[in-house]
1. Got a sec? Which strands (runs of 3 or more DSSP E) wholly within segment 1-53 have at least 1 residues that are closer than 15 Å to Ser64 by Cα and among the charged types (D, E, K, R)?
2. In segment 68-81, what residues are within 16 Å of Trp131 (Cβ to Cβ) and of a type outside the set (S, T, N, Q)?
3. Need at least 3 residues that are of a type outside the set (A, V, I, L, M) and touching a helix residue (DSSP H, G or I) at 6+ places or on another chain (Cβ under 8 Å) per element, so show me which strands (runs of 3 or more DSSP E) inside segment 218-304 make the cut, counting only ones lying wholly within it.
4. Could you grab the pairs with beta carbons closer than 6 Å, sequence gap of 6+ or different chains, first residue in segment 30-41 and at positive phi and aliphatic (A, V, I, L, M), second one assigned to a strand (DSSP E or B) and surrounded by 21 or more Cβ atoms within 10 Å (Cβ to Cβ)?
5. Restricting attention to segment 183-217, which residues are within 23 Å of Pro328 (Cα to Cα), part of a loop (DSSP other than H, G, I, E, B) and within 12 Å of the ligand (Cβ to nearest atom)?
6. Taking only segment 274-290 into account, find how many residues are more than 24 Å from the chain's Cα centre (by Cα), under 14 Å from Asn223 (Cβ atoms) and of a type in the set (A, V, I, L, M).
7. Within segment 161-170, does at least one residue satisfy the condition of being crowded, with 24+ Cβ neighbours inside 10 Å and either modelled with pLDDT under 95 or of a type in the set (A, V, I, L, M, F, W, C) (or both)?
Amino acid sequence: MKKIVIRAGKERSLQRRHPWVFEGSIARGGADAGETVRVESAEGLFLCWGAFSPLSNIRVRAWSFDEAQRIDATFFQQRIAKALAMRTRLPIASDAVRLIHGEADGLPGLIVDRYGDTLVGQFLSAGVERWKVVIIDALMAATGLSRLYERSDVQVRELEGLPQQTGWLRGEGETEIIIQEHQWRLSLDVAEGHKTGYYLDQRDNRKKFADSVRQYGCKSVLNCFSYTGGFSVAALAGGATEVISVDSSAPALARADAHVRLNGFEPGHHRSLDADVNATLRNFLKEGRTFDAIVLDPPKFAPTVAHAERAARAYKDINRLGLRLLAPGGLLFTFSCSGGISPDLFHKIVAGAGLDAQVDGYILDRVGATPDHPQTINFPEGEYLKGLLVLKAA
Ligand code: SAH
């Protein structure tokens with residue numbers, strides 16, 4: 001077994017069960033891509049078993065902090081069983097669920113979503129790539145399903161020196177799937193959609209939005225960064241009669257339109273706008289338009305803390321415009337999925353946007369990702385999605 005020795009003083013985060021070892025913390029040792037290594041302190045104390053990533057800045061990802069643990073097929077079967085068991089205890093109002101959420105499930109670099117009878121996997125680190133066949137077999141056995149589609153077409157694979165890969169790993173057939181989320185039917189294409197096909201982490205927030213739209217009697221709703229219109233369907237379900245979905249992806253918008261029909265809503269109550277959100281918000285302001293509710297769910301502006309400053313300006317900008325466009329008493333549901341922006345900083349950004357817009361608002365709720373995207377207490381980096389539900393002062 002190859003050994004990695006950590007620089008003196010750099011062992012603390014591993015002792016606190018944080019699962020990453022950065023390149024700069026390593027005194028000596030190396031291994032092949034994905035190979036299991038024993039990580040030790042400068043004094044020779046066992047710290048963890050991990051997977052080596054020779055090219056990534058995150059040089060080792062911990063598999064286990066238990067010295068007696070063997071990293072073998074049984075280990076992966078057990079981790080997968082534990083993740084699945086946790087999901088069965090959660091209240092998940094959907095047949096689409098995140099089954100494996102990387103580090104939080106003790107499987108760094110592995111993402112697995114279930115859409116009905118189909119699994120979609122992302123293998124994002126050298127470690128899970130090396131154990132791929134074992135992991136696939138364990139997944140199929142544990143779920144009893146027969147279809148697994150790979151969506152390892154993600155940029156972080158390059159940091160690991162891995163090529164992008166997509167296609168059926170098990171089973172075959174249609175990549176178009178219809179899922180049931182809350183009371184709604186939504187379609188997605190596991191081969192073509194963003195990420196694994198759909199944004200499951202917003203499931204509970206869509207329901208909250210539907211309830212709030214109804215509670216506050218919102219009729220006109222602007223859903224910015226709508227993707228396939230999940231929040232638009234929620235708005236219609238909440239009684240909105242004039243919903244606009246804005247996104248820069250035409251295929252996503254076509255699906256948003258289809259979702260209106262699929263759920264039996266009045267097609268005339270929804271409109272799709274293939275446009276840049278920032279420009280759209282400015283145009284609506286110029287036209288003197290207002291909305292009863294606005295959703296801002298942009299893509300990750302700050303993947304890491306290093307990007308936080310520029311991202312903060314971009315977040316502030318859209319939030320300022322959004323707050324101005326809201327009718328008095330209107331609702332803003334605003335999100336950031338950037339790991340580099342803390343909930344605290346996000347609150348400050350929205351506060352700054354309110355000041356600039358000269359708008360006062362009440363925070364009705366602070367939300368995060370659905371619990372099938374768990375955060376563990378040892379891994380603060382796992383927190384990424386945060387949202388504020390703001391009621392504009394009347
Ligand atoms: N709210 C969605 C998820 C949003 S993901 C849901 O509930 O499913 C972010 C979306 O922003 C993507 O669909 C992407 O196409 C879109 N996007 C990114 N940059 C954009 C821009 N400048 N203007 C409009 N849409 C943009």
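1. Working: elements: 2-6, 20-22, 26-28, 36-40, 46-52.
Where strands (runs of 3 or more DSSP E) fall fully within segment 1-53 and carry at least 1 residues being closer than 15 Å to Ser64 by Cα and among the charged types (D, E, K, R), they are 2-6, 36-40.
2. Correct list: Arg70, Ile71, Asp72, Ala73, Phe75, Phe76, Arg79, Ile80, Ala81.
3. On the way: elements: 220-224, 242-247, 270-274, 291-296.
Filter on segment 218-304 gives 242-247, 270-274.
4. Cβ pairs passing all conditions: none.
5. Correct list: empty.
6. Just the residues of segment 274-290 that are more than 24 Å from the chain's Cα centre (by Cα), to begin with: 279-290.
Add one more test, that the residue is under 14 Å from Asn223 (Cβ atoms), and what stays is 280-281, 284.
Retained after the next criterion (residues that are of a type in the set (A, V, I, L, M)): 281.
Final tally of qualifying residues: 1.
7. So far as segment 161-170 goes, no, none of its residues is crowded, with 24+ Cβ neighbours inside 10 Å and either modelled with pLDDT under 95 or of a type in the set (A, V, I, L, M, F, W, C) (or both).
Results for (1) in contact with a Lys or Arg (Cβ under 8 Å, 6 or more places away or on another chain); (2) within 12 Å of the ligand (Cβ to nearest atom), shown as yes or no for each residue.
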{"position": "Val233", "(1), (2)": "yes, yes"}
{"position": "Asp247", "(1), (2)": "no, yes"}
{"position": "Ala252", "(1), (2)": "no, yes"}
{"position": "Val260", "(1), (2)": "no, no"}
{"position": "Asn263", "(1), (2)": "yes, no"}
{"position": "Ser272", "(1), (2)": "no, yes"}
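The values are calculated or read from the model by the stated rules, or taken from the named source; none is laboratory data. Values in this document were obtained by computation on a predicted structure and should not be read as measured data. Neighbour counts are summed over all protein chains in view; Cβ atoms, including those assigned to glycine, are modelled from backbone coordinates with ideal geometry.
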